[in-house]
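Each remark here refers to the structure printed beneath this line.
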Amino acid sequence: MKIVACNSNLPLAKAVADKLGMPLTNASVRRFADMEVFVEIHENIRGEDVFVIQSTSYPANDNLMELLITLDALRRSSARRVTAVLPYFGYARQDRKSSPRSPISAKLVANLITQAGADRVLTMDLHAGQIQGFFDIPVDNLYAAPLFSRDIQTRFAGRDLMVVSPDVGGVVRARTIAQQIHSDLAIIDKRRPQAGVSEVMNVIGDVTGRDCIIIDDIIDSGGTHCNAAQALMDHGARSVSAYVTHGVFSGGAVARVEKSPIETMIVTDSIAATSAVQDATNIRQLPIAPLLAEAMRRISEERSVSSLFC
């Protein structure tokens, strides 16, 4: 078993390697002067089970090209099996035709990863479950829900909790955590007049006097979560916190979250934290290295991954 780290999230790759008790494979992933990506593997991987860790987060296109070229290098180096480990799968929100003559970019990226040489994919909290069907290779989709549930039960013990889905599409995800912590569920009814902009229309459920916890898979500009938090407070919520798997935090999202009524926002380290995220007073990261490491160990040993969540 070998672990190759690209450049998007080296701290996470090193943490996973530490959990597995093995070093990262000696490899170079660098740029030429014109910013072309060059990858070189400096040790023998012939016949090995290789895992490539790379989140396709900002800059998404650069990180995606790093992943594709690394996969190609490994395939040409006669690795026995190559698993693309994508803690965050970029382009996942483009999973359908949202308007006439628009692409389904998630499918295109799935094709690129497969053609580059991946034999299977390991990822976490896909934006839409059907993306697994975009691949013609096995896909293991891990869930942050157990990590969130344990953290909520530890930090919010004894409080009157209400789990909140920030939109109708996230109800299943939120309901899973509500069941695990034995809480009620509320739903934010919102609409998007345009990409990146959301407006809260209604709050479905009585949140008066409750400590609300928003559950979601991605925070990008932060508008959805900040608007939802304000709506919940306007409807009488006692406090609002948020648990989000992937902290994209584009533009002024961090400043927006800090100024919002959100008491604490917990994100995983599927995306490397920027200095703004590290310095934020109400944003905290939850490590996923133990979960990724165990899933990778089970894949390498041909054991069940789904039993991690049973």
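The values are calculated or read from the model by the stated rules, or taken from the named source; none is laboratory data. All figures in this text were calculated on a predicted structure; none of them were measured in a lab. Cβ placement follows ideal geometry from the backbone for every residue including glycine, while neighbour counts extend to all protein chains displayed. With ligands, DNA and RNA removed, areas are computed over all heavy atoms of the protein, side chains included. Shrake-Rupley method; radii C 1.70, N 1.55, O 1.52, S 1.80 Å.
Residues in the stretch 108-124 that are open to solvent by 60 Å² or more (accessible area, probe 1.4 Å) and either among the aliphatic types (A, V, I, L, M) or touching a His at 6+ places or on another chain (Cβ under 6 Å) (or both): Leu108, Leu112.
If I filter the stretch 17-36 down to residues being crowded, with 19+ Cβ neighbours inside 10 Å and among the hydrophobic types (A, V, I, L, M, F, W, C), which single residue comes out as nearest to Ile113 (Cα to Cα)?
Just the residues of the stretch 17-36 that are crowded, with 19+ Cβ neighbours inside 10 Å, to begin with: 17, 25, 27, 29.
In the following step, the residues that additionally are among the hydrophobic types (A, V, I, L, M, F, W, C) were identified as 17, 27, 29.
Details: Ala17: 23, Ala27: 20, Val29: 17 Å.
Ranking the candidates gives Val29 first.
For the stretch 240-251, does any single residue satisfy the condition of being open to solvent by 10 Å² or more (accessible area, probe 1.4 Å) and over 21 Å from Ala92 (Cβ atoms)? No, every residue in the stretch 240-251 fails to be open to solvent by 10 Å² or more (accessible area, probe 1.4 Å) and over 21 Å from Ala92 (Cβ atoms). Restricted to the stretch 185-205, and to residues that are open to solvent by 50 Å² or more (accessible area, probe 1.4 Å) and not in a strand (DSSP E or B), which residue is modelled with the highest pLDDT? Looking at residues that are open to solvent by 50 Å² or more (accessible area, probe 1.4 Å) and not in a strand (DSSP E or B), I get Ala195.
So, in the stretch 118-167, exactly how many residues are among the β-branched types (Val, Ile, Thr) and over 30 Å from Glu66 (Cα atoms)? Summing the residues that are among the β-branched types (Val, Ile, Thr) and over 30 Å from Glu66 (Cα atoms) in the stretch 118-167 gives 4. Every condition in (1) assigned to a helix (DSSP H, G or I); (2) crowded, with 19+ Cβ neighbours inside 10 Å; (3) of a type outside the set (A, V, I, L, M) holds for Thr154 except the one numbered (2). Quick one: is Phe32 of a type outside the set (Val, Ile, Thr) and either in contact (Cβ under 8 Å) with a residue 24 or more places away in the chain or within 27 Å of Ile215 (Cβ to Cβ) (or both)? No.
Listed here are the residues, each with its yes/no results for (1) in contact (Cβ under 8 Å) with a residue 24 or more places away in the chain; (2) open to solvent by 20 Å² or more (accessible area, probe 1.4 Å); (3) in contact with a Lys or Arg (Cβ under 9 Å, 6 or more places away or on another chain); (4) not in a helix (DSSP H, G or I).
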{"site": "Ser55", "(1), (2), (3), (4)": "yes, no, no, yes"}
{"site": "Val85", "(1), (2), (3), (4)": "yes, no, no, yes"}
{"site": "Phe89", "(1), (2), (3), (4)": "yes, no, no, yes"}
{"site": "Arg93", "(1), (2), (3), (4)": "yes, yes, no, yes"}
{"site": "Arg101", "(1), (2), (3), (4)": "no, yes, no, yes"}
{"site": "Ala106", "(1), (2), (3), (4)": "yes, no, yes, no"}
{"site": "Leu126", "(1), (2), (3), (4)": "yes, no, no, yes"}
{"site": "Ile137", "(1), (2), (3), (4)": "no, yes, yes, yes"}
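Against the conditions (1) over 21 Å from the mean Cα position of the chain (by Cα); (2) buried (at least 19 other Cβ atoms within 10 Å of the Cβ); (3) part of a helix (DSSP H, G or I), Val39 satisfies every one except (3). Figure legend. Inter-residue proximity from the stretch 238-262: first residues farther than 23 Å from Val163 by Cβ, second residues open to solvent by 20 Å² or more (accessible area, probe 1.4 Å) and aromatic (Phe, Trp, Tyr), beta-carbon distance below 9 Å, spacing 6+ or different chains. Indicated pairs: Ser250/Tyr58. Within the set Asp184, Asp216, the sole residue that is on the phi < 0 side of the Ramachandran plot and more than 22 Å from the chain's Cα centre (by Cα) turns out to be Asp184. Checking each residue in the stretch 277-310 for being within 23 Å of Pro59 (Cα to Cα) and touching a strand residue (DSSP E or B) at 6+ places or on another chain (Cβ under 9 Å) picks out Val277, Gln278, Ala280, Ile283, Arg284, Gln285, Leu286, Pro287, Ile288, Leu292. Out of everything in the stretch 295-310 that is open to solvent by less than 60 Å² (accessible area, probe 1.4 Å) and part of a loop (DSSP other than H, G, I, E, B), what residue ends up being nearest to Ser221 (Cα to Cα)? Only one residue tops the list, namely Val305. Quick check on my filter: what residues within the stretch 254-291 are touching a Gly at 6+ places or on another chain (Cβ under 7 Å) and crowded, with 22+ Cβ neighbours inside 10 Å? Matches in the stretch 254-291: Val257, Val267, Ile271.
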